[in-house]
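The values are calculated or read from the model by the stated rules, or taken from the named source; none is laboratory data. The model shown is predicted, which means the values in this text are computed figures rather than measured ones. When we count neighbours, we look across all protein chains shown, and the Cβ atoms used for this are built from the backbone with ideal geometry, even at glycine. Surface areas here come from the heavy atoms of the whole protein model, side chains and all, with no ligands, DNA or RNA. Shrake-Rupley method; radii C 1.70, N 1.55, O 1.52, S 1.80 Å.
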Amino acid sequence: MAMQVSSRRGEDYVESIYNLIPKIQERPPKPSMYRSNFATTVKQEQKTKKQSSKTMGPAKVAVTEPKEFLTKHSKEFKLPEKTGFTYPDQDKRRPPVPKHTEKPLMGLRSTKNHITTNAVENIMSVPKMPEKKFADTRGGAIHQLDPSGLTPKYVNKKDYGKTPAYLEKRKAEVERAQMEYDAYVQERCRQGAMKNLTEDERQGILDGLKKNWEELHHQYQGLSVVTDTAPKKARKERMEAEMKQLERDIETIEKHRVIYIANPFF
(Lines give C-alpha, C1' and ligand atoms only; values in the text may rest on other atoms or scores of the structure.)
Protein backbone atom coordinates (compact mmCIF):
# COMPACT_ATOMS: atom_id res chain seq x y z
CA MET A 1 0.00 0.00 0.00
CA ALA A 2 1.47 3.27 -1.06
CA MET A 3 0.73 6.74 0.28
CA GLN A 4 1.88 10.27 -0.32
CA VAL A 5 4.41 11.64 2.21
CA SER A 6 6.74 14.55 2.35
CA SER A 7 9.94 13.80 0.56
CA ARG A 8 13.49 13.96 1.81
CA ARG A 9 15.57 16.86 0.63
CA GLY A 10 12.32 18.69 -0.18
CA GLU A 11 11.25 16.39 -3.08
CA ASP A 12 7.85 14.51 -3.44
CA TYR A 13 7.94 10.82 -4.24
CA VAL A 14 5.76 7.71 -3.82
CA GLU A 15 6.61 5.71 -0.69
CA SER A 16 7.52 2.13 -1.37
CA ILE A 17 9.14 -0.76 0.48
CA TYR A 18 11.97 -0.51 -1.93
CA ASN A 19 12.63 2.95 -0.71
CA LEU A 20 13.05 1.92 2.91
CA ILE A 21 16.58 0.71 2.30
CA PRO A 22 18.84 3.73 2.41
CA LYS A 23 20.75 4.31 -0.76
CA ILE A 24 24.40 5.12 -0.82
CA GLN A 25 24.88 8.54 -2.24
CA GLU A 26 27.56 8.65 -4.88
CA ARG A 27 29.55 11.84 -4.90
CA PRO A 28 30.67 13.17 -8.27
CA PRO A 29 34.41 13.02 -8.86
CA LYS A 30 36.30 16.12 -7.76
CA PRO A 31 37.73 18.05 -10.68
CA SER A 32 41.48 18.39 -10.88
CA MET A 33 43.00 21.47 -9.28
CA TYR A 34 43.91 24.34 -11.59
CA ARG A 35 47.60 24.85 -11.97
CA SER A 36 49.09 27.77 -13.82
CA ASN A 37 51.50 27.14 -16.66
CA PHE A 38 53.82 29.80 -15.22
CA ALA A 39 54.03 28.36 -11.70
CA THR A 40 57.47 26.84 -12.32
CA THR A 41 58.77 30.07 -13.79
CA VAL A 42 57.52 32.10 -10.84
CA LYS A 43 59.18 29.75 -8.37
CA GLN A 44 62.50 29.96 -10.18
CA GLU A 45 62.38 33.76 -10.35
CA GLN A 46 61.54 33.96 -6.67
CA LYS A 47 64.53 31.81 -5.76
CA THR A 48 66.99 33.61 -8.01
CA LYS A 49 65.92 37.17 -7.04
CA LYS A 50 65.66 36.52 -3.35
CA GLN A 51 68.02 38.64 -1.27
CA SER A 52 69.26 37.47 2.08
CA SER A 53 68.82 39.76 5.05
CA LYS A 54 66.81 42.21 3.09
CA THR A 55 64.55 43.38 5.91
CA MET A 56 66.12 42.05 9.12
CA GLY A 57 69.69 42.99 8.34
CA PRO A 58 72.80 40.83 8.58
CA ALA A 59 73.26 38.41 11.45
CA LYS A 60 76.43 40.14 12.64
CA VAL A 61 77.10 43.85 12.23
CA ALA A 62 80.63 45.17 12.19
CA VAL A 63 81.21 47.57 15.06
CA THR A 64 82.93 50.84 14.16
CA GLU A 65 86.13 51.86 15.90
CA PRO A 66 85.97 54.60 18.53
CA LYS A 67 88.14 56.82 16.39
CA GLU A 68 85.70 56.59 13.48
CA PHE A 69 82.98 58.68 15.03
CA LEU A 70 80.46 60.62 12.95
CA THR A 71 81.63 64.14 12.15
CA LYS A 72 79.88 67.18 10.79
CA HIS A 73 79.08 67.18 7.04
CA SER A 74 80.54 63.69 6.72
CA LYS A 75 77.32 62.33 5.18
CA GLU A 76 76.96 65.13 2.65
CA PHE A 77 77.49 64.43 -1.04
CA LYS A 78 80.81 65.67 -2.33
CA LEU A 79 81.16 66.82 -5.93
CA PRO A 80 84.06 65.48 -7.94
CA GLU A 81 87.01 67.70 -8.55
CA LYS A 82 86.48 70.37 -11.17
CA THR A 83 88.13 69.70 -14.50
CA GLY A 84 88.40 71.90 -17.55
CA PHE A 85 85.64 71.54 -20.15
CA THR A 86 86.67 70.57 -23.66
CA TYR A 87 84.53 70.14 -26.73
CA PRO A 88 84.65 66.80 -28.56
CA ASP A 89 85.77 68.62 -31.74
CA GLN A 90 88.19 70.93 -29.95
CA ASP A 91 90.84 70.56 -32.67
CA LYS A 92 88.44 71.66 -35.43
CA ARG A 93 86.97 74.69 -33.62
CA ARG A 94 88.03 78.26 -34.31
CA PRO A 95 90.14 80.14 -31.77
CA PRO A 96 88.13 82.12 -29.22
CA VAL A 97 87.44 85.83 -29.58
CA PRO A 98 90.06 87.88 -27.69
CA LYS A 99 88.89 89.59 -24.52
CA HIS A 100 88.64 93.35 -24.16
CA THR A 101 91.69 93.30 -21.90
CA GLU A 102 93.82 91.49 -24.47
CA LYS A 103 95.63 93.36 -27.21
CA PRO A 104 96.08 91.06 -30.18
CA LEU A 105 98.93 91.80 -32.53
CA MET A 106 97.63 93.27 -35.77
CA GLY A 107 99.79 94.13 -38.72
CA LEU A 108 97.33 96.58 -40.33
CA ARG A 109 95.17 99.15 -38.58
CA SER A 110 92.23 100.79 -40.26
CA THR A 111 90.62 104.11 -39.39
CA LYS A 112 87.45 103.24 -41.29
CA ASN A 113 84.22 104.05 -39.50
CA HIS A 114 82.17 100.97 -40.23
CA ILE A 115 78.98 102.38 -38.69
CA THR A 116 78.98 105.45 -40.93
CA THR A 117 79.99 103.37 -43.95
CA ASN A 118 77.16 100.89 -43.44
CA ALA A 119 74.66 103.71 -42.95
CA VAL A 120 75.75 105.44 -46.17
CA GLU A 121 75.63 102.16 -48.13
CA ASN A 122 72.11 101.44 -46.91
CA ILE A 123 70.94 104.97 -47.72
CA MET A 124 72.45 104.95 -51.23
CA SER A 125 71.48 101.36 -52.04
CA VAL A 126 68.67 100.67 -54.48
CA PRO A 127 65.70 98.91 -52.85
CA LYS A 128 65.07 95.37 -53.96
CA MET A 129 62.13 94.76 -56.21
CA PRO A 130 59.46 92.51 -54.69
CA GLU A 131 59.23 89.01 -56.09
CA LYS A 132 56.29 88.23 -58.34
CA LYS A 133 54.08 85.61 -56.70
CA PHE A 134 50.56 84.27 -57.07
CA ALA A 135 48.12 82.34 -54.84
CA ASP A 136 46.25 79.44 -56.44
CA THR A 137 44.19 78.14 -53.51
CA ARG A 138 41.61 79.55 -51.17
CA GLY A 139 44.01 78.99 -48.27
CA GLY A 140 46.58 81.25 -49.88
CA ALA A 141 49.28 78.84 -51.13
CA ILE A 142 51.95 81.14 -52.65
CA HIS A 143 54.15 80.16 -55.62
CA GLN A 144 56.68 81.94 -57.82
CA LEU A 145 55.14 83.57 -60.89
CA ASP A 146 58.08 83.39 -63.31
CA PRO A 147 58.48 79.58 -63.51
CA SER A 148 54.70 78.98 -63.49
CA GLY A 149 54.20 79.75 -67.18
CA LEU A 150 51.41 82.28 -66.51
CA THR A 151 53.48 85.20 -67.82
CA PRO A 152 54.77 85.38 -71.41
CA LYS A 153 58.50 84.86 -72.01
CA TYR A 154 59.43 86.94 -75.01
CA VAL A 155 62.94 85.52 -75.03
CA ASN A 156 61.53 82.19 -76.19
CA LYS A 157 59.77 83.67 -79.21
CA LYS A 158 61.07 82.69 -82.65
CA ASP A 159 61.42 86.29 -83.81
CA TYR A 160 63.01 87.53 -80.56
CA GLY A 161 65.87 89.97 -81.20
CA LYS A 162 64.81 90.64 -84.80
CA THR A 163 63.71 94.04 -86.04
CA PRO A 164 59.96 94.07 -86.72
CA ALA A 165 58.85 94.30 -90.31
CA TYR A 166 57.01 97.61 -89.85
CA LEU A 167 60.22 99.25 -88.53
CA GLU A 168 62.19 97.98 -91.54
CA LYS A 169 59.49 99.38 -93.81
CA ARG A 170 59.48 102.73 -92.04
CA LYS A 171 63.29 102.90 -92.16
CA ALA A 172 63.24 102.25 -95.89
CA GLU A 173 60.64 104.97 -96.40
CA VAL A 174 62.70 107.49 -94.40
CA GLU A 175 65.84 106.67 -96.39
CA ARG A 176 63.96 106.97 -99.66
CA ALA A 177 62.48 110.32 -98.60
CA GLN A 178 65.94 111.56 -97.58
CA MET A 179 67.41 110.50 -100.93
CA GLU A 180 64.61 112.27 -102.78
CA TYR A 181 65.15 115.41 -100.71
CA ASP A 182 68.90 115.36 -101.31
CA ALA A 183 68.33 114.92 -105.04
CA TYR A 184 65.84 117.81 -105.02
CA VAL A 185 68.31 120.07 -103.15
CA GLN A 186 71.13 119.24 -105.51
CA GLU A 187 68.93 119.91 -108.51
CA ARG A 188 67.78 123.25 -107.10
CA CYS A 189 71.37 124.21 -106.28
CA ARG A 190 72.43 123.30 -109.81
CA GLN A 191 69.65 125.46 -111.22
CA GLY A 192 70.71 128.35 -108.96
CA ALA A 193 67.42 128.49 -107.05
CA MET A 194 69.19 128.10 -103.69
CA LYS A 195 72.65 127.96 -102.30
CA ASN A 196 74.34 126.46 -99.27
CA LEU A 197 75.84 128.72 -96.64
CA THR A 198 79.46 128.11 -95.87
CA GLU A 199 80.70 127.69 -92.35
CA ASP A 200 82.24 131.18 -92.31
CA GLU A 201 79.00 132.78 -93.49
CA ARG A 202 76.99 130.80 -90.93
CA GLN A 203 79.35 131.82 -88.13
CA GLY A 204 79.24 135.46 -89.24
CA ILE A 205 75.44 135.51 -89.16
CA LEU A 206 75.47 133.84 -85.72
CA ASP A 207 77.93 136.40 -84.33
CA GLY A 208 75.86 139.27 -85.73
CA LEU A 209 72.68 137.95 -84.11
CA LYS A 210 74.42 137.61 -80.75
CA LYS A 211 75.83 141.14 -81.03
CA ASN A 212 72.38 142.54 -81.81
CA TRP A 213 70.94 140.70 -78.81
CA GLU A 214 73.62 142.13 -76.51
CA GLU A 215 72.98 145.69 -77.72
CA LEU A 216 69.23 145.24 -77.34
CA HIS A 217 69.66 143.74 -73.90
CA HIS A 218 71.88 146.70 -72.89
CA GLN A 219 69.12 149.10 -73.95
CA TYR A 220 66.54 146.99 -72.12
CA GLN A 221 68.54 147.25 -68.92
CA GLY A 222 68.44 151.02 -69.19
CA LEU A 223 64.66 151.22 -69.25
CA SER A 224 62.76 152.76 -66.40
CA VAL A 225 61.65 150.44 -63.68
CA VAL A 226 58.23 152.03 -63.50
CA THR A 227 56.17 151.69 -66.68
CA ASP A 228 53.36 154.06 -65.78
CA THR A 229 52.68 155.36 -69.30
CA ALA A 230 51.54 153.62 -72.46
CA PRO A 231 54.68 154.50 -74.54
CA LYS A 232 56.97 153.05 -71.87
CA LYS A 233 54.95 149.88 -71.70
CA ALA A 234 54.83 149.53 -75.50
CA ARG A 235 58.57 150.12 -75.86
CA LYS A 236 59.32 147.50 -73.18
CA GLU A 237 57.04 144.93 -74.82
CA ARG A 238 58.57 145.63 -78.26
CA MET A 239 62.12 145.14 -76.97
CA GLU A 240 61.15 141.89 -75.18
CA ALA A 241 59.58 140.54 -78.39
CA GLU A 242 62.70 141.45 -80.42
CA MET A 243 64.96 139.74 -77.87
CA LYS A 244 62.85 136.56 -77.94
CA GLN A 245 62.93 136.52 -81.73
CA LEU A 246 66.73 136.91 -81.73
CA GLU A 247 67.01 134.05 -79.22
CA ARG A 248 64.89 131.79 -81.47
CA ASP A 249 67.01 132.69 -84.53
CA ILE A 250 70.26 131.99 -82.66
CA GLU A 251 68.94 128.64 -81.42
CA THR A 252 67.83 127.67 -84.95
CA ILE A 253 71.20 128.48 -86.53
CA GLU A 254 73.14 126.71 -83.78
CA LYS A 255 70.97 123.62 -84.15
CA HIS A 256 71.42 123.21 -87.93
CA ARG A 257 74.89 122.88 -89.42
CA VAL A 258 73.68 122.98 -93.07
CA ILE A 259 71.58 125.98 -94.11
CA TYR A 260 70.16 126.64 -97.57
CA ILE A 261 69.11 130.09 -98.81
CA ALA A 262 66.54 130.42 -101.59
CA ASN A 263 67.14 132.84 -104.47
CA PRO A 264 64.20 135.29 -104.52
CA PHE A 265 64.86 136.21 -108.19
CA PHE A 266 64.68 132.64 -109.48
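Could you tell me what % of all Cα pairs in the stretch 188-266 have separations over 15 Å? Spell out each step's value before the answer.
Details: 2032 of 3081 pairs.
Percent of Cα pairs beyond 15 Å in the stretch 188-266: 66.
Taking a ≥ b ≥ c as the square roots of the eigenvalues of the Cα gyration tensor, an a/c ratio of 1.5 or more together with a/b no larger than b/c marks the stretch 25-174 as oblate.
Here, the stretch 138-238 yields an orientationally averaged convex hull projection of 20.2 nm² when only Cα atoms define the hull.
Counting only protein heavy atoms and using a 1.4 Å probe, what share of the accessible area of the chain belongs to carbon plus sulfur, as a whole percent?
On the way: 15190 of 27170 Å².
Solvent-exposed carbon and sulfur of the chain make up 56 percent of the total.
Modelled this way, with points 7 Å down the Cα-to-C-beta line, the labels at GLU175 and GLU251 are 3.4 nm from one another. log10 I(q)/I(0), Debye, Cα-only the chain, no solvent, q = 0.09, 0.12, 0.16 Å⁻¹? The computed values of log10 I(q)/I(0) come out as -1.09, -1.17, -1.33. Quick check on my link table: of LYS99/LYS128; LYS133/LYS158; LYS132/LYS169; LYS128/LYS171; LYS171/LYS255; LYS72/LYS99, which ones sit more than 31 Å apart, alpha carbon to alpha carbon? Beyond 31 Å between Cα atoms: LYS99/LYS128; LYS132/LYS169; LYS128/LYS171; LYS72/LYS99. Measuring r between the beta carbons of ALA62 and PHE38 and using R0 = 45 Å, the FRET efficiency lands at 0.65.
3J(HN,Hα) along the stretch 18-23: 6, 8, 6, 7, x, 9 Hz, from the Karplus curve 6.51 cos²θ - 1.76 cosθ + 1.60 with θ = phi - 60°, whole Hz, x for Gly and Pro.
Which of the peptides 83-91, 223-231 is most tightly packed, and how do the rest follow, going by the mean number of other Cβ atoms within 10 Å of each residue? Walk me through the intermediate numbers first.
Numbers: 83-91: 6.9, 223-231: 8.9.
The peptides rank, most packed first, as 223-231, 83-91.
Between ARG188 and ILE123, residue separation times 0.36 nm minus the direct Cα-Cα distance comes to 17.2 nm. For the peptides 127-134, 172-179, 24-31, residues were scored by their other Cβ atoms within 10 Å and the scores averaged per peptide; the highest-first order is 172-179, 127-134, 24-31. Think of it as helices only: each DSSP H run of n ≥ 4 in the chain is worth -39500 (n - 2.57), and spread over all residues that comes to -12500 deg cm²/dmol at 222 nm. Mean silhouette area of the stretch 111-195, derived from the convex hull of its C-alpha atoms and averaged over all directions, reads 16.3 nm².
The stretch between LYS233 and SER110, if pulled fully straight at 0.36 nm per residue, gains 37.4 nm over its current Cα-Cα span.
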